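Written below as structure tokens is the structure these notes are about.
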Amino acid sequence: MDQIVARVTEGGRIVIPASVRRQLNLSVGDEVVMLVKDSEVTLLSRAEALRRAQAIVASRVPRERSLVEELLAERRREGQLE
């Protein structure tokens, strides 16, 4: 793991060095996700955060089960009750 020192400037800004932006495939205007745990910050690209979230769901939901279909069916039932 590389160790990179950055300075917090006015307004709480931290510049992400170009080498890190390249590694994370970040461009101007991209969103990043910061995970804070035990006084540490992990910086993820939005795409990597999404990939990790999808992996968590996939590990807990059987492939043959469709959460989308279940949600749509639930919404249809709720719509019929209105």
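Computed from the coordinates by the stated procedures, all read-outs in this text should not be read as laboratory data. Since this is a predicted model, take the numbers as computed values, not measurements. As a convention, Cβ positions derive from the backbone with ideal geometry for all residues, glycine included, and neighbour counts pool all protein chains shown.
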**Message:** Test of understanding: ordering R52, R65 by Cβ neighbours within 10 Å, fewest first, what list do you get?
**Reply:** R65, R52
**Asked** Between A18, P62, S39, whose Cα lies farthest towards the positive end of the dipole of segment 8-81 when Lys and Arg beta carbons carry +1 and Asp and Glu beta carbons carry -1, centred on the Cα centre?
**Response** P62
**Asked** What is the order of D30, D38, D2, fewest Cβ neighbours within 10 Å to most?
**Response** D38, D2, D30
**Asked** Sorted from fewest to most neighbouring beta carbons within 10 Å, what does the list L81, L43, L71 look like?
**Response** L81, L71, L43
**Asked** Under the Karplus relation 6.51 cos²θ - 1.76 cosθ + 1.60, θ = phi - 60°, what is the ordered set of whole-Hz ³J(HN,Hα) values for segment 51-67, x standing for Gly and Pro?
**Response** 4, 5, 5, 5, 5, 4, 4, 4, 6, 10, 10, x, 4, 6, 8, 10, 5
